[in-house]
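What follows is a set of notes on a single structure, which appears directly below.
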Ligand SMILES: Nc1ncnc2c1ncn2[C@@H]1O[C@H](COP(=O)(O)OP(=O)(O)O)[C@@H](O)[C@H]1O
Ligand SMILES: [Mg+2]
């Protein structure tokens, strides 16, 4: 079953149109990676899906319901979780405070449940509860960003370049964790990535976005073995 469907989305900032009719979908519990050159509109697509920017035209459906114009907090209550590329944790707050902020819309027992779940998925966080998020390594910060987004128990998790700026080792850990979140929590996940190999490796399908338009889509394994796409978008 398709849980998310975006049809022919035109969106941008102010009057400037960045997405010129982008379409995509996500099956229940699928992991999908969106790749494409810098400036292609990948982050803009996530912001449009999440309700942060103006959608000029097109339709977004969640489980068959038109949610195109819902506000971000309304999308959160529908089950959307979003980890932006930058600013996904509060550096001056502790790890614990960051988790609690992530769950502030939730009832108390849900916050406790969320924390317990976070400690299972990210055991490292439990040892750093009192430390300021700003003192964490890049990889740990990314884990905290994901843990924070999971505090609302989202059905759909959208990750904007989770490996950006990380060392190869930290990046590998982040992707192992995403695969673990998918296995254990069985959520639907959209990942935007520059490090497309690792991301496609844990994905079911992928999209290539170029200049605000769909360029290509296929099963992840086919993209990984497509010589033309590899040369053009995966660095050969
Ligand atoms: N806040 C913004 N205001 C105006 N233009 C923006 C803003 N953010 C991004 N853009 C523009 O939108 C285009 C797509 O950016 P983005 O979605 O961030 O690309 P990607 O994530 O694929 O690298 C770029 O031309 C960028 O300059
Ligand atoms: Mg981006």
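Name the strands (runs of 3 or more DSSP E) wholly within region 1-45 that hold at least 1 residues that are over 25 Å from residue 234 (Cα atoms)?
Qualifying strands (runs of 3 or more DSSP E): 2-13, 16-27.
Can you name the condition, by its number, that residue 203 falls short on among (1) surrounded by fewer than 18 Cβ atoms within 10 Å (Cβ to Cβ); (2) part of a loop (DSSP other than H, G, I, E, B)?
For residue 203, the exception is condition (1).
If residue 164 satisfies every condition in (1) surrounded by 23 or more Cβ atoms within 10 Å (Cβ to Cβ); (2) in contact (Cβ under 8 Å) with a residue 60 or more places away in the chain; (3) within 16 Å of ligand 1 (Cβ to nearest atom) but one, which is the exception?
Failed condition: (1).
Pull up region 71-87, narrow it to residues that are within 16 Å of ligand 2 (Cβ to nearest atom) and surrounded by fewer than 17 Cβ atoms within 10 Å (Cβ to Cβ), then point me to the one that is modelled with the lowest pLDDT.
87
Could you check, for region 49-66, whether at least one of its residues is within 15 Å of ligand 1 (Cβ to nearest atom), crowded, with 17+ Cβ neighbours inside 10 Å and under 19 Å from residue 210 (Cβ atoms)?
Yes, region 49-66 contains at least one residue that is within 15 Å of ligand 1 (Cβ to nearest atom), crowded, with 17+ Cβ neighbours inside 10 Å and under 19 Å from residue 210 (Cβ atoms).
Of the conditions (1) within 11 Å of ligand 1 (Cβ to nearest atom); (2) in contact with a strand residue (DSSP E or B) (Cβ under 6 Å, 6 or more places away or on another chain); (3) closer than 30 Å to residue 183 by Cβ, residue 18 fails just one. Which one is it?
Condition not satisfied by residue 18: (3).
Any idea which of 75, 71, 2 is touching a strand residue (DSSP E or B) at 6+ places or on another chain (Cβ under 7 Å), farther than 19 Å from residue 208 by Cα and more than 16 Å from ligand 1 (Cβ to nearest atom)?
Answer to the check: 2.
Could you tell me which residue of region 167-195 is surrounded by the most Cβ atoms within 10 Å (Cβ to Cβ), considering only residues that are assigned to a helix (DSSP H, G or I) and within 14 Å of the chain's Cα centre (by Cα)?
Ranking the candidates gives 174 first.
Which of the following residues is at pLDDT 95 or above and surrounded by fewer than 17 Cβ atoms within 10 Å (Cβ to Cβ): 15, 29, 42?
When all the criteria are applied, what remains is 29.
Here are some residues: 200, 156, 166. Which one is more than 11 Å from residue 34 (Cα to Cα) and touching a strand residue (DSSP E or B) at 6+ places or on another chain (Cβ under 9 Å)?
Every option except 156 fails the conditions.
Residue by residue, here is whether (1) crowded, with 18+ Cβ neighbours inside 10 Å; (2) in contact (Cβ under 8 Å) with a residue 12 or more places away in the chain; (3) in contact with a strand residue (DSSP E or B) (Cβ under 9 Å, 6 or more places away or on another chain) holds:
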site	(1), (2), (3)
96	no, yes, no
110	no, yes, no
122	yes, yes, no
131	no, yes, yes
140	yes, yes, no
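Answer yes if at least one residue in region 56-63 is farther than 13 Å from residue 6 by Cα, assigned to a loop (DSSP other than H, G, I, E, B), touching a strand residue (DSSP E or B) at 6+ places or on another chain (Cβ under 8 Å) and modelled with pLDDT of 95 or more, and no otherwise.
no
The values are calculated or read from the model by the stated rules, or taken from the named source; none is laboratory data. This one's a predicted model, so the numbers in the text were calculated from it and none came from an experiment. Cβ: placed from backbone, ideal geometry, glycine included. Neighbour counts: every protein chain shown.
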